[in-house]
Amino acid sequence: MSERSATEADPRARPAVPGLELAAELRSTLERAGELARVVELNLRETAVSTAAATADERVQELERRLATAESDVKELASRLVDSEHQGGRLMNLYVATYQLHATLEPAEVQATIAEIAINLLGAEQFVLLLRKDDGPGYEIALLEGMYDGPVPPYDGDSYQEGDAMVDATLRDGVLRLGPTAESQALAAVPLRVQNDIVGALVLNKLLDHKPILRAEDRDLLDLLSAHAASAMFAARLFATKDRKLRTLESLVKLARGE
Amino acid sequence: MQPRKVLVVDDSKLMHKMYEVMLRQYPLVYAMDGRQALDRLQEHADIDLVLLDINMPNMNGLEFLAQIRTNGAHQDLPVIIISTEGRDEDTQRGLEAGATAYIKKPFHSEDILEKISQL
């Protein structure tokens, strides 16, 4: 029962105090306002929670995007690192081969270096080094490696005249050729040049079993051999010849002086 | 592993140069065959890694390996065989002889650096 009706029902009740009704109405209004404030507060809280959740979702998505980008960058960098390591390895092989070819003026050491490049860097098991003869037609077989059951034709004589179509063509026109072909079992015929003069060829006939094919980087080494092996050999032979002649002359001079 | 000194045993001067360039961060000692390698081990007590070829004159890599594995001072010395002998049975023979690892020639420089770091 409300305060007003209780007053009306009891005639002994005190007379109505002015302002009480107003105070009651105000209290009621305040109570309703309080309820409304609670509702608004609740709504605001719910809104805040949903906004925070939405923001968190966006943040997670953004972080996921960044993570994916970072992972992609790492993969790209790793791939580039592998490429640059391979490139560094290729350059190192070329540097070492060039350095060692020109490190000596002993013809035998130059030949040994050519063989070491073929075996250790190219993975060749069977190969032949042909050098043009100074005194007559044909090519001297300067090196024959890996034919454990003995030399096979056309490399079974003292010299090479002709017999392998790919090798013959390379010796003729100085073009590096890769095989095998219908006419040749050779895997590579590398012309050896001194300037534009073709003075021989390195013929790769077989690779080591665990090196099934010549790779792209091997082509750089073959080109290097083509350009540098012959000039290194030429310089070494020239030096050996001059040195021999010089010693002979010195001996003659001593003899003439009666020493 | 960060070796203090590496013994390179290979009869190829080209390979010596290759290791010199590739392993420039480590002091290197060279030998052309197994016998020279035994001498180097006597001369340099601080050698703590050997890179070993197999096919060499005088004393080959496996003979050298057998010698040092029976010697108390070098029983645990890490030895990486680096050889053109590339069949599975060659690898098996090298590991059974006491090699720590086996790498086939031709190799990529990172193969060797990785093996050294794994020791």
Largest-first ellipsoid semi-axes for the protein assembly as shown, taking √(5λ) over the Cα gyration tensor eigenvalues, angstrom: 87, 28, 20
For segment A:148-244, the Rg and Dmax computed from alpha carbons only, in angstrom: 14.7, 46
Segment B:70-119-segment A:83-135 distance, computed between alpha-carbon centres (Å): 24 Å
Positions from segment B:1-20 whose accessible area shrinks by 40 Å² or more when the full protein complex is built, not the chain alone, probe 1.4 Å: B:K13, B:L14, B:K17, B:M18
Interface burial for B against A (accessible surface, 1.4 Å probe, total of both chains, Å², rounded to 100): 1800 Å²
Acute angle (nearest 10 degrees) that the helix A:216-257 long axis makes with the longest principal axis of chain A, alpha-carbon atoms: 40 degrees
Additional length obtainable on full extension of the chain from A:R237 to A:D57, 0.36 nm per residue less Cα span: 57.0 nm
Spatial extent of segment B:1-99: Rg and Dmax, with the Cα atoms as the point set, Å: 12.5, 34
Neighbour cut-off at most 14 other Cβ (10 Å), DSSP loop, trypsin sites (Lys or Arg not before Pro), segment B:20-119: B:R24, B:R87
Sulfur and carbon atoms: percent of accessible area, segment B:6-118 [1.4 Å]: 43 percent
Order of exposure, largest accessible area first, which applies to A:I198, A:I213, B:I68 with probe 1.4 Å: A:I213, A:I198, B:I68
Loop-located chymotrypsin sites (Phe, Trp or Tyr not before Pro) in segment A:58-161, at most 13 other Cβ atoms within 10 Å (DSSP): A:Y148
Net charge over other residues, Cβ less than 11 angstrom from the Cβ of A:N205 (K, R count +1; D, E count -1): -2
Solvent exposure ordering (accessible area, 1.4 Å, most first) of A:T104, A:T248: A:T248, A:T104
1.4 Å probe accessible area per residue over chain A, in Å²: 65 Å²
Accessible-area composition of segment A:22-101, carbon plus sulfur, in percent [1.4 Å probe]: 60 percent
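The values are calculated or read from the model by the stated rules, or taken from the named source; none is laboratory data. All values reported here derive from a predicted model rather than from experimental measurement. Counting neighbours? That spans all protein chains shown, and the Cβs are built from the backbone with ideal geometry, glycine included. SASA here: full protein model, heavy atoms, side chains in, ligands and nucleic acids out. Shrake-Rupley method; radii C 1.70, N 1.55, O 1.52, S 1.80 Å.
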